[in-house]
1. Any chance you could count how many residues in the stretch 219-255 are among the aliphatic types (A, V, I, L, M) and part of a loop (DSSP other than H, G, I, E, B)?
2. Quick test for you: out of R266, R231, pick the one residue that is surrounded by fewer than 18 Cβ atoms within 10 Å (Cβ to Cβ), touching an Asp or Glu at 6+ places or on another chain (Cβ under 8 Å) and over 25 Å from G62 (Cα atoms).
3. From the list D194, D172, D183, exactly one residue is at pLDDT 95 or above, within 21 Å of I26 (Cα to Cα) and acidic (D, E). Which is it?
4. Identify, by number, the condition in (1) crowded, with 16+ Cβ neighbours inside 10 Å; (2) among the aliphatic types (A, V, I, L, M); (3) under 22 Å from E199 (Cβ atoms) that L69 doesn't meet.
5. Quick check, is T90 surrounded by 14 or more Cβ atoms within 10 Å (Cβ to Cβ), of a type in the set (V, I, T) and under 24 Å from N277 (Cβ atoms)?
6. Within the stretch 281-292, track down each residue that is within 15 Å of R18 (Cβ to Cβ) and assigned to a helix (DSSP H, G or I).
7. Could you look through the stretch 1-53, keep only residues that are among the hydroxyl-bearing types (S, T, Y) and under 19 Å from I115 (Cα atoms), and pick out the one that is modelled with the lowest pLDDT?
8. Looking at I258 and the list (1) assigned to a helix (DSSP H, G or I); (2) out of contact with any Lys or Arg (no Cβ under 7 Å at 6 or more places or on another chain); (3) not aromatic (F, W, Y), which single condition is not satisfied?
Amino acid sequence: MNIQTLDILRESLPYIQRFKGKTFVIKFSGKVTEDKAVLLSLAEELALLHQVGIRICVIHGGGKQLTQLAQKLGVVQTVIEGRRVTDDDTLELAKMIFRGKINTEILSALRNRGIHAVGLSGIDGAVINAKRRPPKDVLDRHTGQTHTVDFGHVGDVVEVDTRLITLLLESDYLPVISSLAADDDGKIYNINADTIASEIAARLGAEKLILLSDVNGIYLDPNDDSTKIDRLTVAEARSMIVNGQATGGMIPKLESLIELLNNGVRSAHVIGGTTRNALLAEIFTDQGTGTMLVP
């Protein structure tokens with residue numbers, strides 16, 4: 001072990017002491033779960049966090065894998081302002097991909113690192129009570145025209161019940177929750193995973209919400225790495241949405257994070273989920289790696 005490695009261990013000590021016993025909600029993007037080697041590496045980082053006493057709750061979607069399966073089966077997909085329209089066929093695929101394939105693969109990777117993880121969806125234990133999203137007027141930023149969109153089987157969160165999650169965390173289990181939910185009649189909905197992660201983090205009073213994204217943070221210009229923002233306030237995030245600097249999937253992501261910080265979570269982080277040790281560097285070093293959002 002070289003001197004530089006020892007210095008990094010020293011730097012991490014105050015963070016380990018500060019975060020022991022705290023709850024982190026970590027959201028996986030589809031890209032993170034697509035590559036087995038990346039997932040195994042990330043599981044190792046989660047195992048380290050778990051071992052030093054940080055309570056972890058993982059949330060995941062799987063939009064990339066859902067799109068790939070839909071293409072194979074010829075199911076046409078429509079995405080508007082970063083949000084997927086979920087028709088009957090797409091919902092069937094979402095159930096197979098989210099609660100089945102991806103959830104199981106995450107559990108397998110964590111088992112490989114000795115973590116006792118439990119796979120759930122928002123339906124289990126009525127963790128997420130949802131309702132169907134009503135048709136919504138959406139502004140087309142290219143044409144300037146507004147049109148009404150019916151998102152199909154897409155849900156909005158009505159209420160979050162974290163009793164099951166808390167029970168698991170207190171018993172040293174690691175919950176892994178996919179982004180499906182249901183209403184009181186048992187109707188199933190596809191819900192944006194960032195939204196579910198934000199709602200659960202707020203309800204748990206989490207110390208941090210960490211979004212493992214396809215990119216290593218938030219950029220003023222997505223095509224220019226030098227424009228990455230290290231630290232962003234709620235007011236600045238709102239401004240990015242209003243003035244058009246945030247586009248596509250970044251809009252619902254920022255909207256969820258703004259609401260989260262307004263609900264009392266101390267900080268939110270957007271980091272590259274495919275970069276080895278990015279999660280550890282963001283939590284245990286002064287410099288970090290991605291973008292941190294604060295109230």
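1. Residues in the stretch 219-255 being among the aliphatic types (A, V, I, L, M) and part of a loop (DSSP other than H, G, I, E, B): 2 in total.
2. R266
3. The conditions single out D172.
4. (3)
5. Here the answer is no, as T90 does not meet what is asked.
6. Passing the criteria: E282, I283, F284.
7. T33
8. Exception for I258: condition (2).
The values are calculated or read from the model by the stated rules, or taken from the named source; none is laboratory data. Given the structure is predicted, the values throughout are model-derived calculations rather than measurements. Cβ atoms come from the backbone with ideal geometry, glycine included; neighbour counts cover every protein chain shown.
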